[in-house]
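Beneath this line is the structure, given in structure tokens, with notes to follow.
Every number here is computed from the coordinates shown, using simple stated rules; none is lab data. A quick note: this is a predicted structure, and the numbers were derived from the prediction, not measured. Quick reminder, even Gly has a Cβ in these numbers, built from the backbone with ideal geometry, and neighbours come from all protein chains shown.
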Amino acid sequence: MNITIVGTGYVGLVTGTTLAELGNSVFCVDIDENKVESMKQGQVPIYEPNLEEMFLRNIQAQRLFFTTDLKESLDKSDVIYLALPTPPGEDGSADLSYVLKVANDIGEMMTSYKVIVNKSTVPVGTADKVRETISAKTTVEFDVVSNPEFLREGFAVDDSMNPSRVIIGSSSEKAKSYMSKVYQPFTNTGIPIIFMDEKSSELTKYASNSFLAVKITFMNEIANYCEKVGADVDKVRLGMGSDDRIGHRFLFPGIGYGGSCFPKDVKALIKSGKQEGFNFEILEATENVNTSQKVILVSEIEKYFDGKLKGKKIALWGLAFKANTDDIREASSLDNIKLLLEKGAEIVAYDAIAEKNVRNLLKDKISYAADMYSALENADCLLIATEWPEFKNPNFKLMAEKLKNKAIFDGRNMFPLELPEQNGFFYKSIGRRTIG
């Protein structure tokens, strides 16, 4: 099939590349001329493991194209995906201006039947708004479908090629037949396509992400309680996760969740509820707890230095909100940097993948190291904010030589307790006993 993807951000680019890999001709549309030109030259604008190889393969196979011309792509395609940003407004509600602007343009340009697919994460009722916007501009037949994405940053290629399920929200049998054809390669391998109405599909995405945010936050609450009573959160989560009603995933405690999805979607669902006179009390609590959890180790660092952080040099390992991505949106590292700077500390950070994005945001407010051990040079302590694999088995002897104090504050529980203990470190993690 010929498919157009409008928007080449994280979701749009991964979706477009995947659909090309499945044999479709895919036209990716973006208004940024420089970005489009660089993608034509084979440059992937985001960091995502294994994406570049698939991206280049499909460009070479002439199945993946990039353009700024929406009209040309629209005329060539039967199915149009909207993969546009829906950032939170000041009140937390999702901003639909990008989605509705493109819907308006499509209405003015289309000359034959199209299936318009909302791939963006959008509030309940957005399909109706898109339908109304297009209908105001054309009498040509079309359908609007909700098809939310469930991609995990850092694992997006695998998730896109091997999804746990495909959700299709549509009340049109014609649109369903088109979408069944698009995802037929998945059904051939036993991946279920679940059809439902548009509103249920839209809510499924918000409900899924919000539930996972609640699960993470609950585990962080349990971890904090473990420290009060002398329990070990690692043992508790193993015991909990062995119950197949709960499962092991998303039970790892740490310094809060971040990224482009969970914070935004929790806020949007809370706001959507209020618009209907409904309070998501559990989500409001989740948001409040997560805000505190992100900087929970700063007070521990203060305690270690007797409340005197002014002039202290803090080495920071990790800037991305999670490993295997360059995404720093709502990253816990940024909350810690902000608070530590306010308290007079100096920061030297290392993150080979996310450094560029933080430099663009913070400029010279902090320093940047060329490697993980250089960051430790004459630092008063180490704070770990991202679970990059290279941090999992460090040279503790070298760390001790470079640090002024053998002190680690680990926001991602990277090490079994015996490792820092055997090497004589003070070690504070999440939900486990403090070493030293």
**OP:** Specify the residue with the greatest mean-square fluctuation among E276, E21, E52, computed from a Gaussian network of the chain linking alpha-carbon atoms under 10 Å apart.
**Re:** E276
Subject >> Approximate spin-label separation T434-K181, in nm, with each point projected 7 Å along Cα-to-Cβ >> reply: 6.5
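Full extension from R152 to D232: what is 0.36 nm times the residue separation minus their Cα-Cα distance, to one decimal in nm?
On the way: separation 80, 0.36 × 80 = 28.80 nm, distance 2.80 nm.
Answer, rounded to one decimal: 26.0 nm.
Quote the FRET efficiency, to the nearest 0.05, computed for N279 versus M196 with a Förster distance R0 of 35 Å and r equal to the Cβ-Cβ distance. Numbers along the way, then the final one.
On the way: r = 26 Å, r/R0 = 0.73.
Efficiency computed from Cβ-Cβ geometry: 0.85.
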**OP:** Output ³J(HN,Hα) for region 283-294: one whole-Hz value per residue in order, computed from phi by the Karplus curve 6.51 cos²θ - 1.76 cosθ + 1.60 with θ = phi - 60°, and x for Gly and Pro.
**Re:** 6, 5, 5, 4, 4, 5, 5, 5, 4, 6, 5, 4
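Please give the charge dipole size of region 302-436, origin at the Cα centre, charges +1 on K and R Cβ atoms and -1 on D and E Cβ atoms. Round to the nearest 20 debye.
Numbers: 22 positive and 20 negative charges, 74 e Å.
In total the dipole reaches around 360 debye.
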**OP:** With θ set to phi - 60°, apply the Karplus curve 6.51 cos²θ - 1.76 cosθ + 1.60 along region 40-54 and write out the HN-Hα couplings as whole Hz, x wherever there is a Gly or Pro.
**Re:** 4, 8, x, 9, 7, x, 10, 8, 8, x, 6, 6, 4, 4, 5
Original post:
Which of Y427, I193, I255 sits closest to the plus end of the dipole of the chain, meaning its Cα is farthest towards the positive end, when Lys and Arg get +1 and Asp and Glu get -1 on the C-beta?
Top reply: Y427
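Can you show me the helix-derived [θ] at 222 nm for the chain, built from DSSP H runs with n ≥ 4 at -39,500 (n - 2.57) apiece and divided by the number of residues, rounded to the nearest 500.
Numbers: 18 runs with 188 residues, N = 436.
Value at 222 nm, helices only, nearest 500: -13000 deg cm²/dmol.
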**OP:** Mind checking region 224-307 for trypsin sites (Lys or Arg not before Pro) that DSSP puts in a loop (not H, G, I, E or B) and that have at most 11 other Cβ atoms within 10 Å?
**Re:** R245, R249
Subject >> Highest-fluctuation residue, L339, L96, L403 considered, GNM on the chain with Cα pairs under 10 Å >> reply: L339
Subject >> Karplus (6.51, -1.76, 1.60) ³J(HN,Hα), θ = phi - 60°, over region 362-375, in Hz, Gly and Pro reported as x >> reply: 9, 6, 9, 5, 10, 9, 10, 9, 6, 8, 5, 7, 4, 4
Original post:
Between N288 and Y225, how many nm apart are label points set 7 Å from Cα along the C-beta direction?
Top reply: 1.7
**OP:** Starting from the Cα of D243, step 7 Å along the direction of its Cβ; do the same at S299; then give the gap between the two resulting points in nm.
**Re:** 2.8
Original post:
Looking at P394, V122, A369, which one has the Cα that reaches farthest to the positive end of the dipole of the chain (charges on Cβ: Lys, Arg +1; Asp, Glu -1)?
Top reply: P394
Original post:
Size of the dipole of region 176-334 about the Cα centre, Lys and Arg at +1 and Asp and Glu at -1 on the beta carbon, nothing else charged, in debye to 20?
Top reply: 380
Original post:
If R0 is 41 Å, what FRET efficiency do you get for N360 and K174 from their C-beta distance, rounded to 0.05?
Top reply: 0.35
Original post:
If R0 is 30 Å, what FRET efficiency do you get for A207 and D371 from their C-beta distance, rounded to 0.05?
Top reply: 0.10
**OP:** Show the residues, 5+ positions off or on another chain, whose built amide H is closer than 5 Å to the amide H of F66.
**Re:** C28
Original post:
Given H placed on each backbone N at 1.01 Å, which residues far from A349 in sequence or on other chains put an amide H within less than 5 Å of it?
Top reply: L316, S367, Y368, A369
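Under a point-charge model restricted to the Cβ atoms of Lys and Arg (+1) and Asp and Glu (-1), what is the dipole moment magnitude of region 78-118 relative to its Cα centre, in debye to the nearest 20?
Numbers: 2 positive and 6 negative charges, 37 e Å.
Here the size comes out at about 180 debye.
Report the Stokes-Einstein translational diffusion coefficient (µm² s⁻¹, integer) for the chain, Rh taken as the Kirkwood radius over Cα pairs, at 25 °C with viscosity 0.890 mPa s. Write out the running numbers ahead of the final one.
Details: Rh = 23.4 Å.
Translational D for this selection: 105 µm²/s.
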